[in-house]
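Undergrad: After the structure tokens below, expect a handful of questions from me.
The values are calculated or read from the model by the stated rules, or taken from the named source; none is laboratory data. Nothing here was measured: the structure is a model prediction, and the numbers come from that model. Note that each Cβ is placed from the backbone with ideal geometry, even for glycine, and that neighbours are counted across all protein chains shown. The accessibility values were calculated without ligands, DNA or RNA, using every heavy atom of the protein model including side chains. Shrake-Rupley method; radii C 1.70, N 1.55, O 1.52, S 1.80 Å.
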Amino acid sequence: MRLVIFILKRALHSIFVLLGLSVVIFAISRVLPGDPARMAVGARAPQWVVDNLRAQMHLDEPLYVQYGYWLIDALQGKFGISLVTRREVAEDIKEFFPATFELALFAGILMGGLGILLGTISARHKDKWIDNVVRVLSYLGVVTPAFVFAIIFMLVFGYWLKWLPTIGRLSEGLTRPPVITGLMTIDALLAGDLVVFWDALKHIVLPAIALAMGGLAQEARITRATMSDNLTKDYIAAERALGIPERVIMGKYLLKPSLIPTISILGLDFAGTLSSAFLVELIFNWPGISRYGINAMLRKDLNAIAAVILVLGVVFIVVNIIVDIVVAYLDPRIRLSAERSE
Amino acid sequence: MNTPPLLEVRNLQVHFRVFGGYLKVLDGVNLVVRAGEKVGLVGESGCGKTTTMKAILRILPEPPAQIVGGHVLFRGKDVLKMRPQELRRLRGRGISMVFQDPTAALNPVFTIGQQLGDVIRYSHSDGRVDAGQIRLKALQALKEVALADPERLLDSYPIQLSGGMRQRVCIAMALATQPELLIADEPGTSLDVTIQDQILRLLHNLVVERNTSVILITHTLGVVREVTDRVYVMYAGTIVESAPTKVLFANPMFPYTRGLMQSVPRLSGGGVAEGIPGRIPNYLNPPTGCRFHPRCPHVMEVCRHEKPPVFTVGEEHYVACYLYAS
Ligand SMILES: Nc1ncnc2c1ncn2[C@@H]1O[C@H](COP(=O)(O)OP(=O)(O)OP(=O)(O)O)[C@@H](O)[C@H]1O
Ligand code: SF4
Ligand SMILES: [Mg+2]
């Protein structure tokens, strides 16, 4: 019950954040130089066509009226026609967002799972050779941009070793499973099609790892720092002194308090992956929303830009709420002080 | 041959690696506890009491700590050479410990029930006890330390308890394993005097009742006098004097101990004894010879170069000071 109230409160709070975001998006789109109607129809179209389109897009009305129209449409998922793909923007989003979401999901699992694992190993063997190896690698991981990993992986595992495919989400000749979630691997499983599932999984491995490297390294570093700090705490010494086995201390009493900072950063990294996947999507020819968004920006496709930013904004907010809930679950101090302030 | 004592620490040396070198904190600590004995350990803040106790249980954070020499024998077996499995049997059931700061010694993100429950679960040899039994024992353990409403306590987090309650919980945990030797590191120093007094009294009654051996570290000499059989006096990482409690109070011999006895009964705070100016030495470059020599009113030439050996000055009364040579 308390959890429900907590979530509702956070959600309510988020609505205001989203409204603020929508104002910013709208303002930017209207402040940018160039006439959206003229850009839509091209330089050679006669003036009356442009004028008609302006009227149709409410571009002649005062700004706050334009915002009103825009917001009402946006709330219904009506972002209008993409000036580039000539389709409903909502259709585009429905197609491209799940592709990136799937990529980010796999990347997020790798960042969290491997990052925490490596950080734990590093902390437990602090200053030994394995810790030094992990530290050097994670340093490299943090400073190397994802697209560099993408190119290296593509060359090594795709062209040289030929272990994994490097283009798109599915091999040619395979038919897409019916779209339920939009995530290729999940849809294949739901359809019971293991061949497609396996193929989709192979396609996602390289881009997901390339995307995950930075966050993975970051999570490993944070986990190592928190854990090796907590290892010197008296409560660990006390638990050892009282005869609790080492595996229980490591897997329970050390892990839980050490995860809190990592989870917060992991949330940010996961959400960030969605928007920063652009070059990786380009390299692996992944039909994702990041690529779509950048293309929209380059062509000044306002409807598409607005939709992409709003969708990413919603994802950020939802991820933040989830992080808050997980952290409150992990840390009673936060939970209790939240309850007291009710 | 007589049986080995319950605990014997021989020439224990511990260093801490820090930026700029090693803190040579423990410089050959010697200590004996016999079965059923209540032993006191006194010495000013920073002299290495907690470090000695943590080294005995092998719970120093390594790094930065490093046990560079010596032996810790529990019933004749060297703790420093034990495998993980043996260590686990030693900790809890053999020796357990109440920490100095109860707030730091409790894990902040687990309930009292979870922590106490695990202590009870793993103090059984095979770890196979059912949850109901553990709960009963946990409630029992909390009642023994005079905590009210134990049911609710089990579901509470440390942050929801007062300092005194936390200290009682720590005592309950340390006794729940039924240890042969209990190390009590200044229990209650962080609490106010009346509560500290209650807690010490409670602890004393519990260990007398169970005939548990005890090492009690405290700043309050009155307590030492009341509850211990023998006392060790520590200065800058060495035991400088040890004697049966009555003898020590009647006839302190090491110059530092004399200063202690003359000064205020509580030695907490900065420079201890009024009679002895100066502070505990820097462990990075500790004084050569007798570590007390920079502060000693009776210092002789030999004190500056040679570490004094231990001289027997009476029955069970030992002093590491050249004044008592011959
Ligand atoms: N983790 C550590 N890292 C570095 N130095 C340490 C560490 N723990 C202890 N020391 C050093 O060891 C010395 C002895 O500390 P210890 O805690 O054993 O003293 P103590 O006798 O228990 O003092 P108190 O009465 O204040 O508890 C201190 O001066 C400190 O500099
Ligand atoms: S050995 Fe020397 S310096 Fe040390 S206490 Fe005795 S007289 Fe003083
Ligand atoms: Mg101490």
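Undergrad: Which links in B:LYS24/B:LYS81; A:LYS9/A:LYS252; A:LYS128/A:LYS202; A:LYS126/A:LYS256 stretch past 25 Å when you go from one Cα to the other?
TA: Long pairs (Cα-Cα over 25 Å): A:LYS9/A:LYS252; A:LYS128/A:LYS202.
Undergrad: Right, another one. Nearest 100 Å² is fine: how much accessible area is buried between B and A, summed over both sides, with a 1.4 Å probe?
TA: Roughly 2500 Å².
Undergrad: Still on this structure, I have one more. Which ³J(HN,Hα) values in Hz, rounded to whole numbers, follow from the phi angles of the range B:203-216 under the Karplus curve 6.51 cos²θ - 1.76 cosθ + 1.60, where θ = phi - 60° and Gly and Pro get x?
TA: 4, 4, 4, 5, 6, 5, 4, 9, 6, 7, 6, 9, 10, 10
Undergrad: Same structure, new question: Suppose only helical runs count, i.e. DSSP H with n ≥ 4. What mean residue ellipticity at 222 nm does that imply for chain A under -39500 (n - 2.57) per run, divided by all residues and rounded to the nearest 500 deg cm²/dmol?
TA: -24000 deg cm²/dmol
Undergrad: Taking H placed 1.01 Å from N in the peptide plane, check which residues at least 5 places from A:ASP331 or on another chain put their amide H under 5 Å from its amide H.
TA: For A:ASP331, no residues qualify.
Undergrad: Give me the Kirkwood hydrodynamic radius of chain A, using the inverse of the mean 1/r over all pairs of distinct Cα atoms, in Å to one decimal.
TA: 22.9 Å
Undergrad: Now, a different point. Among DSSP beta bridges lying fully in the protein assembly as shown, give the percent that are antiparallel, nearest 5.
TA: Around 65 percent of the beta bridges assigned by DSSP in the protein assembly as shown are antiparallel ones.
Undergrad: Relative to 2.2 N^0.38 Å, what does the C-alpha radius of gyration of the range B:5-318 come to as a ratio? Two decimals please.
TA: It is 1.02.
Undergrad: Shifting gears a bit: Per residue, how big is the convex hull around the C-alpha atoms of the range A:190-340? Give it to me in cubic angstrom, could you?
TA: 185 Å³
Undergrad: How large is the dipole of chain B about the Cα centre if only Lys and Arg carry +1 and Asp and Glu carry -1, each at its Cβ, rounded to the nearest 20 debye?
TA: 580 debye
Undergrad: Please tell me the relative contact order of the range B:5-318 in percent, rounded to the nearest whole number, where contacts are Cα pairs under 8 Å and at least six residues apart.
TA: Relative contact order here is 22 percent.
Undergrad: Under the definition of Cα pairs under 8 Å and six or more residues apart, what whole-number percent is the relative contact order of chain A?
TA: 25 percent
Undergrad: Using a loss threshold of 30 Å², tell me which positions in the range B:74-120 are less accessible in the complex than in their chain alone. Probe radius 1.4 Å, ligands and nucleic acids ignored.
TA: B:ARG88, B:ARG91, B:PHE99, B:ALA104, B:ALA105, B:ASN107, B:PRO108, B:VAL109, B:PHE110, B:ASP118, B:VAL119
Undergrad: Lys/Arg Cβ at +1, Asp/Glu Cβ at -1, dipole of the protein assembly as shown taken about the Cα centre: which of A:VAL23, A:VAL143, A:TRP129 is farthest positive-ward?
TA: About the Cα centre, the residue reaching furthest to the positive side is A:TRP129.
Undergrad: Where is the GNM fluctuation largest for chain A (alpha-carbon springs, 10 angstrom cutoff): A:ILE294, A:ILE152, A:ILE263?
TA: Answer for the Gaussian network model of chain A: A:ILE152.
Undergrad: OK, next. Dipole magnitude of the protein assembly as shown about its Cα centre, charges +1 at Lys/Arg Cβ and -1 at Asp/Glu Cβ only, in debye to the nearest 20?
TA: So the magnitude is around 1000 debye.
Undergrad: Also, quick follow-up: Report the longest stretch of chain B that contains none of the GluC sites (Glu not before Pro) sitting in a DSSP loop with at most 14 other Cβ atoms within 10 Å.
TA: B:1-273
Undergrad: Any idea what angle helix B:163-176 forms with the longest principal axis of chain B, computed on alpha-carbon atoms, 0 to 90 degrees, nearest 10?
TA: 80 degrees
Undergrad: Something else now. Output wanted: per-residue J couplings in Hz (rounded whole) for the range A:21-26, from phi through Karplus 6.51 cos²θ - 1.76 cosθ + 1.60, θ = phi - 60°, x for Gly and Pro.
TA: Per residue, the Karplus-derived 3J(HN,Hα) values read 4, 5, 4, 4, 4, 4 Hz.
Undergrad: Further, regarding this structure: Quick one: work out Rg over Rh on the C-alpha atoms of the protein assembly as shown, Rh as Kirkwood radius.
TA: 1.14
Undergrad: Could you run the Karplus curve 6.51 cos²θ - 1.76 cosθ + 1.60 with θ = phi - 60° over the range B:304-315 and give me ³J(HN,Hα) per residue in whole Hz, x for Gly and Pro?
TA: So the Karplus estimates, Gly and Pro as x, are 6, 10, 10, 5, x, x, 8, 10, 8, 10, x, 5 Hz.
Undergrad: Express the carbon and sulfur contribution to the solvent-accessible surface of the range A:59-206 as a percent, rounded to the nearest whole number, probe 1.4 angstrom.
TA: On the range A:59-206, the fraction of accessible area on carbon and sulfur atoms equals 70 percent.
Undergrad: If you don't mind, another one. Going by Cα centres, the range B:175-205 and the range A:129-179 are how many Å apart?
TA: Between the Cα centres of the range B:175-205 and the range A:129-179 lies a distance of 58 Å.
Undergrad: Then there's this: Can you compute the FRET efficiency between A:LEU201 and B:HIS124 using 1/(1 + (r/R0)^6), with r the Cβ-Cβ distance and R0 = 41 Å? Round to the nearest 0.05.
TA: In this case the efficiency is close to 0.35.
Undergrad: Please identify, among B:SER123, B:SER242, B:SER96, the residue showing maximal mean-square fluctuation in a Gaussian network model of chain B using a 10 angstrom Cα cutoff.
TA: Fluctuation is largest for B:SER123.
Undergrad: Determine one quarter of the surface area of the Cα convex hull of the range B:159-254, which equals its mean projected area, and express it in nm² to one decimal.
TA: 7.2 nm²
Undergrad: Follow-up question, since we're still on this one. Place a +1 charge on the Cβ of each Lys and Arg in the range A:95-340 and a -1 charge on the Cβ of each Asp and Glu, then give the dipole magnitude about the Cα centre in debye, rounded to the nearest 20.
TA: 520 debye
Undergrad: If I fit a long axis through the Cα atoms of helix A:289-298 and take the longest principal axis of the Cα atoms of chain A, what angle between them do I get, 0 to 90°, rounded to 10?
TA: The angle comes out near 40 degrees.
Undergrad: So which lysines pass the test for B:LYS77, namely a Cα distance under 23 Å, with those fewer than 8 places away in the same chain ruled out?
TA: B:LYS38, B:LYS49, B:LYS54
Undergrad: If one computes the Cα centroid of the range A:11-67 and of the range B:8-46, what distance in Å separates the two points?
TA: Between the Cα centre of the range A:11-67 and that of the range B:8-46, the gap is 76 Å.
Undergrad: Pick from B:THR52, B:THR220, B:THR238: which residue has the top mean-square fluctuation in a GNM of chain B where Cα pairs under 10 Å get a spring?
TA: Largest GNM mean-square fluctuation: B:THR220.
Undergrad: Find which of A:SER290, A:ILE249, A:ILE309 sits farthest along the positive direction of the dipole of the range A:95-340, computed with +1 on the beta-carbon of Lys and Arg, -1 on that of Asp and Glu, about the Cα centre.
TA: Most positive-ward Cα: A:ILE249.
Undergrad: Still on this structure, I have one more. Could you name the aspartates and glutamates in cross-link range of B:LYS143, using Cα to Cα under 12 Å and dropping any fewer than eight places away on the same chain?
TA: B:GLU151
Undergrad: Counting pairs of alpha carbon atoms under 8 Å apart in space and at least six apart in sequence, what relative contact order in percent does the range B:1-118 give?
TA: 29 percent
Undergrad: Can you give me the long-range amide H partners of B:PHE311? Hydrogens built in the peptide plane at 1.01 Å from N, cutoff under 5 Å, separation of 5 or more residues or another chain.
TA: It is B:VAL319, B:ALA320, B:CYS321, by chain and number.
Undergrad: I would also like to ask the following. Across peptide A:242-252, what mean number of C-beta atoms from other chains lies inside 10 Å of a residue's C-beta?
TA: 6
Undergrad: As an exercise, use a Förster radius of 25 Å and the Cβ-Cβ distance of A:HIS58 and A:HIS13 to find the FRET efficiency, rounded to the nearest 0.05.
TA: My answer for the efficiency is 0.25.
Undergrad: Still on this structure: Helix A:194-231 sits at what angle to the longest principal axis of chain A, using alpha carbons and giving 0 to 90 degrees rounded to 10?
TA: 50 degrees
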